[in-house]
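J.: First, the structure itself, so that you have it in front of you.
The values are calculated or read from the model by the stated rules, or taken from the named source; none is laboratory data. Keep in mind that this is a model prediction, so the values were computed, not measured. Positions of Cβ are generated from backbone atoms using ideal geometry, with glycine treated the same way; all protein chains shown enter the neighbour counts. Protein only, heavy atoms only, side chains kept; ligands, DNA and RNA dropped before computing areas. Shrake-Rupley method; radii C 1.70, N 1.55, O 1.52, S 1.80 Å.
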Amino acid sequence: MAEKMKRVNAVLRHPLYSECSRKLEELEQGRIFCRHQMNHLLDVARIAYITALEEGLPLEKETIYLAAVLHDIGKYAQYEEGIPHEKAGAKIAEQILDELPSDCICTPEEKQMILTAILGHRRLKGDAEPLERLLYMSDKASRMCFACPAERECDWDEEKKNMEIEI
């Protein structure tokens, strides 16, 4: 039987998460470049979890999934207000994590690890924490630039584009 992710599901049902996701979906309708919807979020989560297992990282599966489903939650604010989405996202994620039901609360250390990963998922620091590095790498690895019809128009740095499948 599949393991239920109680805290992840609580995040997905949170009213603020739903509202931010709805706004983002509306803003990205018709977008020819990468979108930031649930398919992307779960791709990032799965790649991150597999990588954590392969590297023997001591990270909980649900913590990885929490960071992944929350990492782009501030993207609508970047579109609407010009706020970098990692900064808006960390603020929104913190509010959501603080408002989870009592049986879904993250430890302070886990919450900080998730927020740090969200803040660091766009630019890799030399001293990145394990989840931060994992989220950064998985976010980039989830993009299938090699099969994207808009790849030539994309302004992503060439070294960040995934032009081949890597394992």
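Residues are listed down the side, and each one gets a yes or a no for (1) of a type outside the set (Gly, Ala, Ser); (2) under 20 Å from Gly30 (Cα atoms):
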site: Leu115; (1), (2): yes, no
site: Leu135; (1), (2): yes, no
site: Ala150; (1), (2): no, yes
site: Asp155; (1), (2): yes, yes
site: Glu166; (1), (2): yes, no
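J.: In addition: Give me a count of the residues in segment 62-89 that are buried (at least 24 other Cβ atoms within 10 Å of the Cβ) and among the aromatic types (Phe, Trp, Tyr).
T.: So the count comes out to 1.
J.: If a residue must be more than 12 Å from Leu16 (Cβ to Cβ), part of a helix (DSSP H, G or I) and open to solvent by less than 70 Å² (accessible area, probe 1.4 Å), how many such residues does segment 90-107 contain?
T.: Here is the first cut: in segment 90-107, the residues more than 12 Å from Leu16 (Cβ to Cβ) are 90, 101-107.
In the following step, the residues that additionally are part of a helix (DSSP H, G or I) were identified as 90, 102-104.
Still in the list and also open to solvent by less than 70 Å² (accessible area, probe 1.4 Å): 90, 104.
Matching residues across segment 90-107 total 2.
J.: Quick one: in segment 1-32, of everything that is within 17 Å of the chain's Cα centre (by Cα) and in a loop (DSSP other than H, G, I, E, B), which residue is modelled with the lowest pLDDT? Give the steps one after another, and end with the answer.
T.: Filtering segment 1-32 down to residues within 17 Å of the chain's Cα centre (by Cα) leaves 5, 7-14, 16-25, 28.
Checking the rest, the ones that are also in a loop (DSSP other than H, G, I, E, B) come to 5, 14.
On the way: Met5: 93, His14: 98.
Among them, the one singled out is Met5.
J.: Mind counting the residues in segment 20-61 that are open to solvent by less than 20 Å² (accessible area, probe 1.4 Å) and over 21 Å from Gly120 (Cβ atoms)?
T.: 1
Quick grid of which residues meet (1) within 19 Å of Lys140 (Cβ to Cβ); (2) among the aromatic types (Phe, Trp, Tyr):
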| residue | (1), (2) |
| --- | --- |
| Val8 | no, no |
| Arg13 | no, no |
| Lys23 | no, no |
| Phe33 | yes, yes |
| Met38 | yes, no |
| Glu62 | no, no |
| Ala67 | yes, no |
| Ile92 | no, no |
